[in-house]
Amino acid sequence: MTTVYRLARHEMRLLAGLVLWLARRTEGTAGGRAFGYARGQGATMLGLAFVCVVETVGVSFMLRDMPLAHDVLLAVDVYTVLFVIGLHAACVVRPHVLSSDALRVRHGAQADLRVPLASIAAVRRETRTTHRPEPDALDLIVGSQTTVTLELSEPVAYTTVLGRRRPVSVVRLYADDPGALVQALAAR
């Protein structure tokens with residue numbers, strides 16, 4: 001797949017997430033227990049969307065005497081607002097899902113990693129606010145932090161938005177209720 005195709009697919013997932021969010025539905029949670037992670041970024045995303053709306057109105061007002069520039073930038077600005085709301089919506093409708101054999105770790109439309117329960121060597125509740133890049137670790141950060149750490153007995157292949165694959169043996173993620181996620185994993 002080409003890079004342009006992968007980016008377009010990502011954009012479509014964001015817009016699909018927006019539709020699902022408006023319909024109050026989730027994606028891929030059938031047969032499992034869902035654990036949300038979007039609450040930690042809700043206020044930030046709302047603030048960013050508000051700033052984008054204010055910028056849209058301001059630019060529209062400044063360019064009212066230039067119809068072509070006004071129309072082009074209005075379309076770009078409206079799409080930007082939809083994109084920002086879509087980023088948050090994708091996180092709401094695609095929660096982490098614990099099934100009988102795997103934990104599906106997700107982060108909006110950017111990450112979707114299936115971790116077999118047999119591969120989880122250790123799980124702990126661990127709040128981290130600093131994340132140094134590590135070659136074998138995947139950090140799915142929300143609100144500048146992660147709250148759960150999974151150590152794997154064998155690496156799992158993670159595929160980025162652009163299609164690059166890399167093995168990860170440590171997964172750090174954010175959960176709205178990290179205690180419940182850790183308890184549910186420990187019980188399995």
Work out from phi, with θ = phi - 60° and the Karplus expression 6.51 cos²θ - 1.76 cosθ + 1.60, the ³J(HN,Hα) of each residue of segment 15-22, listed in order in whole Hz, and give x for Gly and Pro. 5, 5, x, 5, 5, 4, 5, 5
Rg from C-alpha atoms of segment 104-188, normalised by the globular rule of thumb 2.2 N^0.38 Å, equals 1.02
With θ taken as phi - 60° and the coefficients 6.51, -1.76 and 1.60, list the Karplus ³J(HN,Hα) couplings across segment 162-167 in order, rounded to whole Hz; mark glycine and proline as x. 8, x, 6, 10, 8, x
Two-decimal Rg/Rh of segment 51-104 from alpha-carbon positions, Kirkwood Rh? 1.36
Kirkwood Rh, Cα Rg: Rg to Rh for the chain? 1.04
Can you tell me the accessible area per residue over the chain, all protein chains present, probe 1.4 angstrom, in square angstrom? 56 Å²
Just read off the accessible area of ARG124 with the full protein assembly in place, 1.4 Å probe, to the nearest 10 Å². 90 Å²
In whole angstrom, and with the biggest value first, how far do the Cα coordinates of segment 14-60 range along each principal axis? 47, 21, 13
With only Lys, Arg, Asp and Glu charged, each at its Cβ (+1 for the first two, -1 for the last two), find how big the charge dipole of the chain is about the Cα centre; round to the nearest 20 debye. 500 debye
Accessible-area order for LEU20, LEU140, LEU73, LEU46, largest to smallest, probe 1.4 angstrom, reads LEU46, LEU73, LEU20, LEU140
Return the carbon/sulfur percentage of the accessible area of segment 44-129, one whole number, probe 1.4 Å, all protein chains in place. 70 percent
If you wrap a convex hull around the alpha carbons of segment 142-188, what volume per residue comes out, as a whole number of Å³? 95 Å³
What do you get for Rg/Rh of segment 65-146 when both radii come from the Cα atoms and Rh is the Kirkwood radius? 1.18
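Can you work out D for segment 12-105 in µm² s⁻¹ from Stokes-Einstein, where Rh is the Kirkwood radius over C-alpha pairs, the temperature is 20 °C and the viscosity is 1.002 mPa s?
Answer from the Stokes-Einstein relation: 143 µm²/s.
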Ordering THR159, THR26 by how much accessible area each has at a 1.4 Å probe, largest first, what is the list? THR26, THR159
Among ALA90, LEU140, TYR158, whose Cα sits farthest toward the positive end of the charge dipole of the chain (+1 at Cβ of Lys/Arg, -1 at Cβ of Asp/Glu, about the Cα centre)? TYR158
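The values are calculated or read from the model by the stated rules, or taken from the named source; none is laboratory data. Just so it is clear, the model here is predicted, and its values are computed rather than measured. When we count neighbours, we look across all protein chains shown, and the Cβ atoms used for this are built from the backbone with ideal geometry, even at glycine. Heads up: the accessible areas ignore ligands, DNA and RNA and are worked out on the full protein's heavy atoms, side chains in. Shrake-Rupley method; radii C 1.70, N 1.55, O 1.52, S 1.80 Å.
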